[in-house]
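The values are calculated or read from the model by the stated rules, or taken from the named source; none is laboratory data. Here the structure is a predicted model, which means the values were calculated and not measured. Please note: Cβ atoms are built from the backbone with ideal geometry, for glycine as well, and neighbour counts cover all protein chains shown.
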Amino acid sequence: MPVGQSLLAFRKTYFYDRRYSLFPLHTEILPGDCLVRKKSILFFMSLSLLLCGDLSSASVPAMPKQVDIEAKTLSSDSESKTYQASGNAIISFEGGFIKADDVILNRLTDEATAEGHVLIKRGEDIMEGEKARFSIADETGVISDGRVFLDKNHLYLRGETIEKRGDATYFLKRGQATTCDGEYPGWMFTGSEVEVTIDGYGTIKQGTFQVKGVPVLYLPYLIFPAKTTRQTGLLFPRIAYSRDKLGWDIEIPFYWAVSENADATFYQRYMDKRGFQEGVELRYVVGKDSRGTLYADYLNDTMEVSETEGDTALHRDWKENNKRWSYYLDHETTFSPGFYMKTDIKRVSDRWYFRDFDSYNYYAAHYRENDTRAFSGVSFDGDRSLTSLTSTARLVKDWNLFNATALVEYTDNFQSYSNDETLQKYPEVTFTGMEQPLYNSPIDFELASSYGHYYRTTGYRGDVFDAYPVFSWPLSLSDYLECTPYLGLRETTWESSYSGPTAGNENKDGSRELYTLGAALSSEVSRVFDVGGAVVDKIQHGIRPEVTYSYIPYVY
């Protein structure tokens, strides 16, 4: 990414999901005649310090942090004790780096002066600008035309000048502050002077509160929280406007640090066209093996709606005072290693919930894809494209070679007026066995089996049992070729009944037996590589081509 690109433009991609490696220090490609390798630079710096008599240890204090310089060109001045790096210069130190077109490092003061597309990264925090003066020793400095992102607060700062005073305080001239992502934030505070102390408070003098770039409130003086630790209090408000669905949309969250093991957030949301919605999120930890998140909201919807949706002929004619609600529960308890229970329950009052609140709702705002960390967010994206919601509760037990799982699953179908014809699982139980020797014989054995009770109010419902053991016999034909014939036996039985007004439908029971014959011909080549790592010493890389033939008789 170009260094000069706006921080507000790339914040969401590179920092919110925390899946990035920004400006990899060790892989930059430079022109061949200008290539200066890091080891050469370090050697040159060390040699310069040894050869210059006036840079003796008696006259020059040692750097408190190791400094590594990487650039297209590098020069030094023994009289001023400075190093000048030009062309994609990077000065890295413990926990961060400075990147700019040109950087001058003073060895006496440990101060770096940078110009041109300046980027300073410290931990997860970012400072950007055109010019900067930064002390590596105490990590203070000033940046011109600056932009700052503070990760723990999810706070963006911009200013004509931004001064970092100490480890946790920033002072801005003609500054802006917001928690919104993107180039054009939904709201922000501005002020002639802005000061922010991390895990403390911020102050704004001669400021305004702006919505979509339009000043809506004059603030001669304002104090706002900038906490990173868990403390009870008001969170940043959210203000938006929707012309057709919501009108003015204002939400003021209140955070309550209940205890060391629990916290709660209360969402007070007023929608001009729909009324007042109350929501609450509770996060809790019970011991070291149980945790969960519970969210619920309620709205007495005052908006009148009469419409037919698309080609589905689903019509609604709503008057005032429609009860709209939703709830979500994500809970997990581990009873012992390999034995746990997990619930993922999500329900809404009606099929139009996510369509009416698609501009903003709790589920869309807290969705985290492929993130398994506790309290990281909800498991689905609550947008208008959802056609169904599926709630699950499962109990899982793992052994070395076997697994048993009991599952209860309920689905809300948004494509139908009624959920009566939607098939539910009450419950489904599976038992599987990994491939393993059958007693002490040369034959291997594996098993897949399941029982399911499927229910719906209208239509067919019933029970299905399925068992599928497979027996195989690995045979070594040579040092490079293996043949594995196998036999599978499958038994499936079912009982079903019909419930509904349609005549002519009868109860149906039955069973089916199948066998599978086949063989697999395979080979494998591999090599062991010495990597000499601290954790992994060797890695084996193998390639296994395989040809398989299976025969299953036709059954109708």
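Tabulated data for the structure shown
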{"read-out": "Considering residues of the range 217-266 that are among the acidic types (Asp, Glu) and over 20 Å from Cys180 (Cβ atoms) only, the residue modelled with the highest pLDDT", "value": "Asp263"}
{"read-out": "Residue match in the range 352-365 (condition: basic (Lys, Arg) and outside any loop (DSSP other than H, G, I, E, B))", "value": "yes"}
{"read-out": "Some residue of the range 208-223 being under 30 Å from Thr109 (Cβ atoms) and surrounded by 13 or more Cβ atoms within 10 Å (Cβ to Cβ)", "value": "no"}
{"read-out": "Residue in the range 39-59 that is more than 20 Å from Ala168 (Cβ to Cβ), at pLDDT below 80, out of contact with any strand residue (DSSP E or B) (no Cβ under 9 Å at 6 or more places or on another chain) and β-branched (Val, Ile, Thr) present", "value": "no"}
{"read-out": "Phe380 assigned to a loop (DSSP other than H, G, I, E, B) and in contact with a Phe, Trp or Tyr (Cβ under 8 Å, 6 or more places away or on another chain)", "value": "yes"}
{"read-out": "Scan of the range 95-141 for residues that are charged (D, E, K, R), assigned to a loop (DSSP other than H, G, I, E, B) and under 27 Å from the mean Cα position of the chain (by Cα), ordered by number", "value": "Glu124"}
{"read-out": "Unique residue being in contact with a helix residue (DSSP H, G or I) (Cβ under 6 Å, 6 or more places away or on another chain) and touching a residue at least 12 places away in the same chain (Cβ under 8 Å) when the list is Asp181, Asp199, Asp263", "value": "Asp181"}
{"read-out": "Some residue of the range 464-471 being at pLDDT 95 or above, surrounded by 10 or more Cβ atoms within 10 Å (Cβ to Cβ) and over 20 Å from Val429 (Cα atoms)", "value": "yes"}
{"read-out": "Strands (runs of 3 or more DSSP E) completely within the range 511-556 that count 2 or more residues being within 36 Å of the chain's Cα centre (by Cα)", "value": "525-530, 538-543"}
{"read-out": "Filter result (among the aromatic types (Phe, Trp, Tyr) and over 30 Å from Leu423 (Cα atoms)) within the range 496-553", "value": "Phe529, Tyr549, Tyr551"}
{"read-out": "Hey, Thr457 modelled with pLDDT of 95 or more and surrounded by 10 or more Cβ atoms within 10 Å (Cβ to Cβ) or not", "value": "no"}
{"read-out": "Given (1) crowded, with 20+ Cβ neighbours inside 10 Å; (2) modelled with pLDDT under 90; (3) closer than 17 Å to Gly146 by Cα, index of the condition Leu119 fails", "value": "(2)"}
{"read-out": "Selection status of Asp145, of a type outside the set (Phe, Trp, Tyr), surrounded by fewer than 22 Cβ atoms within 10 Å (Cβ to Cβ) and part of a loop (DSSP other than H, G, I, E, B)", "value": "no"}
{"read-out": "Whichever residue in the range 127-142 is among the aliphatic types (A, V, I, L, M) and surrounded by fewer than 22 Cβ atoms within 10 Å (Cβ to Cβ) and, among such residues, is farthest from Gln176 (Cα to Cα)", "value": "Ala137"}
{"read-out": "Sole residue being loosely packed, with under 14 Cβ neighbours inside 10 Å and either small (Gly, Ala, Ser) or in contact (Cβ under 8 Å) with a residue 60 or more places away in the chain (or both), chosen from Ser306, Ser326, Ser290", "value": "Ser306"}
{"read-out": "Restricting the range 517-526 to residues that are at pLDDT below 90 and not hydroxyl-bearing (Ser, Thr, Tyr), the residue that is surrounded by the fewest Cβ atoms within 10 Å (Cβ to Cβ)", "value": "Val525"}
{"read-out": "Matching residues, the range 179-192, being more than 15 Å from Ile126 (Cα to Cα) and either charged (D, E, K, R) or not in a loop (DSSP other than H, G, I, E, B) (or both)", "value": "Glu183, Trp187, Met188, Phe189, Thr190, Gly191, Ser192"}
